[in-house]
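Undergrad: Take a look at the following structure, please.
What follows draws every value from the coordinates through simple rules; no lab data is involved. The structure presented is a predicted model; accordingly, all values stated were derived computationally and were not measured. As a convention, Cβ positions derive from the backbone with ideal geometry for all residues, glycine included, and neighbour counts pool all protein chains shown.
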Amino acid sequence: MAQEVRGVIAPGKDEPVRIETVVVPDPGPGEAVVRVQACGVCHTDLHYKQGGINDDFPFLLGHEAAGVVESVGDDVTDVAPGDFVILNWRAVCGNCRACLRGRPWYCFDTHNARQKMTLTDGTELSPALGIGAFAEKTLVAAGQCTKVDPAVAPEAAGLLGCGVMAGIGAAINTGNVGRGDSVAVIGCGGVGDAAIAGSRLAGAAKIIAVDIDDRKLETARSMGATHTVNSRTADPVEAIRDLTGGFGADVVIEAVGRPETYRQAFYARDLAGTVVLVGVPTPDMKIELPLLDVFGRGGSLKSSWYGDCLPSRDFPMLIDLHLQGRLDLGAFVTETIALDEVEKAFERMHRGDVLRSVVVL
Ligand SMILES: NC(=O)c1ccc[n+]([C@@H]2O[C@H](COP(=O)([O-])OP(=O)(O)OC[C@H]3O[C@@H](n4cnc5c(N)ncnc54)[C@H](O)[C@@H]3O)[C@@H](O)[C@H]2O)c1
Ligand SMILES: [Zn+2]
Ligand SMILES: [Zn+2]
């Protein structure tokens, strides 16, 4: 029997979100229904609401979630009812060219549920990133459920489902930050701060946080930044070079997604260094660089989707580090809110007042 639950819908471009009754089908083959316990408000949810991702309205928003598996389809064996899981948007297929070459963290054909969740009038919903977890329950592909130690608080665990994983992974997976490295992170929201925390975990010796907001720089310090630069008042490229013996950082992580900050990242890295773009640009953005500088500085220019994570490998490991006190996921949770406060949370995010608002159900 399909069930009716409450969920947060983005009805149309730039319209305020609202709570509607969502019909959640029983899980079919390869699917699971999850009772959502917590779901963070990510910048990407706002992008969906603004029509910045695509026009497949209405969206069922929310995708940074943790919860308990309620029921699974007949053939599902990896997870079972009662399992505590983090939802992921990288349920690897096992068959695409990336998976077949042993690089599943790049999987090009990730799974989502086949059945659709709908409104009560039958209107099909597009779940954000194939998840849709600003809802009491959601239907996902079973591979989107990653089992982790249930000792962790759901509001902290869920954040690994998107932004925090994207930031930590940008540092440790994509940027390959290692012991003794110097790292600069431009943009210290939830994603940039996670890149800072990831760099600290990986043993970086110097971690330089860059932002235009002093409040963000203060939090960045508590996450592990050893130096901070307000790029409204100081030239960040010069400041990063000054802090690294005049050379630039080994790894520069861009967590804003704008041409000017990408250019800063490009010039703030040492010769043979690495730039990692994790901020998401919009289609109108362009950047022009002297090709000789691209060549002459060597190293690598990379982008990072979801921190190049493999959920089955990375989520349980990071939860274990959290439970051991080596990674404070709770520090990313600025506030917990109710399902009907998502619109307000978007405004607070826009003003830069929060790292993460997390809906708790
Ligand atoms: N690649 C991925 O897989 C992935 C996943 C999640 C989010 N993201 C993207 O990462 C980016 C950051 O997400 P977030 O949740 O941390 O957002 P956020 O809004 O919380 O943080 C952005 C930060 O950048 C700072 N900033 C803005 N303009 C700046 C400038 N010119 N110079 C320096 N700092 C500046 C802001 O003050 C803020 O602290 C977004 O573009 C988001 O869409 C990417
Ligand atoms: Zn694949
Ligand atoms: Zn997200």
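Undergrad: Could you list Lys286, Lys344, Lys137, Lys302 in order of exposure, starting from the residue whose Cβ has the fewest other Cβ atoms within 10 Å?
TA: In increasing order of surrounding Cβ atoms, one gets Lys286, Lys344, Lys302, Lys137.
Undergrad: Further, regarding this structure: Which residue, chosen from Tyr267, Ile319, Ser304, occupies the Cα position most advanced towards the positive end of the dipole of region 245-361, where the dipole is computed from +1 (Lys, Arg) and -1 (Asp, Glu) charges on Cβ about the Cα centre?
TA: The Cα lying farthest towards the positive end belongs to Tyr267.
Undergrad: Let me ask you something else. I need the peptides 329-339, 78-88, 100-110 ranked by packing, meaning the mean over residues of other C-beta atoms within 10 angstrom, with the highest value on top.
TA: So the order, starting with the most tightly packed, is 78-88, 329-339, 100-110.
Undergrad: Further question: Please list, ordered by chain and number, the residues whose modelled amide H lies under 5 Å from the amide H of Ser71; skip anything fewer than 5 residues away on the same chain.
TA: Val33
Undergrad: So for each of 144-155, 28-39 I average, over its residues, the number of other beta carbons within 10 Å; can you give me the resulting order with the highest mean first?
TA: The densest-packed peptide leads the list: 28-39, 144-155.
Undergrad: Given R₀ = 22 Å, FRET efficiency for Arg35-Gln324 by Cβ-Cβ distance, to 0.05?
TA: Efficiency at R0 = 22 Å is approximately 0.20.
Undergrad: Give the average over all directions of the projected area of the C-alpha convex hull of the chain, one decimal, in nm².
TA: For the Cα atoms of the chain, the hull's average projected area reads 17.4 nm².
Undergrad: Continuing with the same structure: Check cross-link reach from Lys216 to the aspartates and glutamates: straight Cα distance under 18 Å, and skip same-chain residues fewer than eight apart.
TA: Asp193, Asp235, Glu254, Asp328, Glu335, Glu347, Asp353
Undergrad: When DSSP assigns beta bridges and you keep just the ones with both residues in the chain, what percent turn out antiparallel, to the nearest 5?
TA: 55 percent
Undergrad: Using alpha carbon centroids, what distance separates region 157-189 and region 236-314, in Å?
TA: Here the two parts' Cα centres lie 13 Å apart.
Undergrad: Here's a follow-up. What does the extension gain come out to for Asp235 and His350, with contour length at 0.36 nm per residue minus their alpha carbon separation?
TA: Extending this stretch completely gives an extra 39.0 nm.
Undergrad: If you don't mind, there's one more thing I want to ask. Report ³J(HN,Hα) in whole Hz for each residue of region 59-76, in order, from the Karplus equation J = 6.51 cos²θ - 1.76 cosθ + 1.60 where θ = phi - 60°; Gly and Pro get x.
TA: Taking θ as phi minus 60°, the curve returns 9, 9, 7, x, 7, 10, 10, 9, x, 10, 5, 9, 7, 10, x, 3, 8, 7 Hz for region 59-76.
Undergrad: When the Debye formula is applied to the Cα atoms of region 167-304, each taken as the same point scatterer, what base-10 log of I(q)/I(0) results at q = 0.09, 0.14, 0.16, 0.22 Å⁻¹?
TA: -0.21, -0.52, -0.69, -1.38
Undergrad: Compute the normalised compactness of region 279-338: alpha-carbon radius of gyration over 2.2 N^0.38 Å, N being the residue count.
TA: My calculation over the Cα atoms of region 279-338 gives 1.78.
Undergrad: Report, to one decimal in Å, the Kirkwood hydrodynamic radius for region 81-121 based on all distinct Cα pairs.
TA: 12.3 Å
Undergrad: Once phi is turned into ³J(HN,Hα) by the Karplus curve 6.51 cos²θ - 1.76 cosθ + 1.60 with θ = phi - 60°, what whole-Hz value does each residue of region 298-308 show in order, with x for glycine and proline?
TA: My calculation for region 298-308 gives x, x, 9, 10, 10, 10, 10, 9, 6, x, 6 Hz in order.
Undergrad: Working out 0.36 nm times the residue gap between Ala338 and Asp284, then minus their Cα-Cα distance, what length gain in nm do you get to one decimal?
TA: Gain on extension, Ala338 to Asp284, equals 15.9 nm.
Undergrad: Could you sort the peptides 262-272, 186-196 by per-residue average Cβ neighbour count (10 Å cutoff), highest mean leading?
TA: 186-196, 262-272
Undergrad: How do Glu218, Glu124 rank when sorted from fewest to most other Cβ atoms within 10 Å of their own Cβ?
TA: Glu124, Glu218
Undergrad: Here's another thing I want to ask about it. Treat each spin label as a single point 7 Å out from the Cα along the C-beta direction, and report the Ala331 to Asp121 distance in nm.
TA: Result: 4.8 nm between the two label points.
Undergrad: In whole Å, what are the extents of region 1-112 along the principal axes defined by its C-alpha atoms, from largest to smallest?
TA: Projected onto its principal axes, the Cα set of region 1-112 covers 42, 33, 21 Å.
Undergrad: Using the Karplus curve 6.51 cos²θ - 1.76 cosθ + 1.60 with θ = phi - 60°, work out ³J(HN,Hα) for each residue of region 111-128 in order, rounded to whole Hz, and write x for Gly and Pro.
TA: For region 111-128, the Karplus-derived couplings read 8, 10, 4, 7, 6, 9, 7, 9, 7, 5, 8, x, 4, 6, 9, 9, x, 4 Hz, x marking Gly and Pro.
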